[in-house]
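First up is the structure itself, then whatever we jot down about it.
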Amino acid sequence: MSDAQVRAFPTLEDASDALAAEVARELEDAVATHGRATMALSGGSTPRRLHEILASEHNLPWDRIHVFLGDERFVPPHSEDSNFRMACDTLLNHVRIPLHNVHAWETSMSHPDLAAITMQVELERIFEVDEGELPRFDVMLLGLGEDGHTASLFPHSPALRVRERWAVPAKAPDKPRRRLSITLPVINASRHIHFLVAGGDKREALRCAMDDPSPDCPASLVRPDEGTLTWWLDEEVAP
Ligand code: 6PG
């Protein structure tokens, strides 16, 4: 397991700018190396500027890049709570990415389980891995909740113990409670994992996330199998 890197910046804007440059490099490198790149976006509000900078300041080969949402709220895509809507508003509507390269969760289905199964099938279709292998995202973007959750993997959730599925329904303590998430084995199989975290209210969660792995703090269970893990922080949250 590689050691985590910690990069602190004066502001979230500075951290977003630096992370955008790194993500652009990793995506271009992946396209150059294996003809395409795969990226999972995180939700919430922190990544908004990162997305906007990626769209406006980096001219990437989006026709060779597959974008997934690492997690989603089980709400309609037009909902203000939708991670997909946020990703469209800040990134996907502003770059020339083919629709078939965008892989959102099917939240219009009748039940989160069906949406998770549909995402599992989509991951299998796009990654085409052998039996027993895991999909390896080139770039995995993650956020951190004040309770130490990441993606939609919440403290003590049964989803934390799932090993045989890549996409699962989940439950959040706050509304919208019904969630969908990529599982830890897939997150940890990624080539480059990046946490973007800002604000003093996340200091305690960050301390736990960097501490020994514990189901009390799901972000602490993110430990790349072979890839890299980098924390991109503003000075309010940085240790
Ligand atoms: C979600 C996210 C979640 C998010 C954290 C931080 O669906 O909410 O994927 O894991 O990254 O909750 O959210 P903020 O960036 O809004 O603080």
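The values are calculated or read from the model by the stated rules, or taken from the named source; none is laboratory data. In this text, all values refer to a predicted model and were calculated from it rather than measured experimentally. Please note: Cβ atoms are built from the backbone with ideal geometry, for glycine as well, and neighbour counts cover all protein chains shown. All accessible areas refer to the heavy atoms of the entire protein, side chains included, with ligands and DNA or RNA removed. Shrake-Rupley method; radii C 1.70, N 1.55, O 1.52, S 1.80 Å.
For the range 120-147, the set of residues classified as part of a helix (DSSP H, G or I) and either open to solvent by less than 40 Å² (accessible area, probe 1.4 Å) or within 18 Å of D81 (Cβ to Cβ) (or both) consists of Q120, L123, I126, F127, listed by residue number. Which condition from (1) open to solvent by 70 Å² or more (accessible area, probe 1.4 Å); (2) under 22 Å from H149 (Cα atoms) is the one that A104 breaks? Every condition holds for A104 apart from (1).
Within the range 148-156, is even one residue of a type in the set (F, W, Y) and open to solvent by less than 20 Å² (accessible area, probe 1.4 Å)?
Narrowing the range 148-156 to residues of a type in the set (F, W, Y): 154.
Within this subset, residues satisfying the condition of being open to solvent by less than 20 Å² (accessible area, probe 1.4 Å) are 154.
Checked against the condition, which is being of a type in the set (F, W, Y) and open to solvent by less than 20 Å² (accessible area, probe 1.4 Å), the range 148-156 yields at least one hit.
Reported count of residues in the range 106-119, each being of a type outside the set (D, E) and part of a loop (DSSP other than H, G, I, E, B), is 5.
When you go through A198, A209, A189, A167 one by one, which is the residue that is within 20 Å of V237 (Cα to Cα) and open to solvent by less than 10 Å² (accessible area, probe 1.4 Å)? Working first, answer last.
Details: A198 fails: open to solvent by less than 10 Å² (accessible area, probe 1.4 Å); A189 fails: within 20 Å of V237 (Cα to Cα); A167 fails: within 20 Å of V237 (Cα to Cα).
Within the list A198, A209, A189, A167, the selection yields A209.
On the stretch given as the range 35-61, residues that are surrounded by fewer than 20 Cβ atoms within 10 Å (Cβ to Cβ) and either within 12 Å of the ligand (Cβ to nearest atom) or in contact (Cβ under 8 Å) with a residue 24 or more places away in the chain (or both) total 12.
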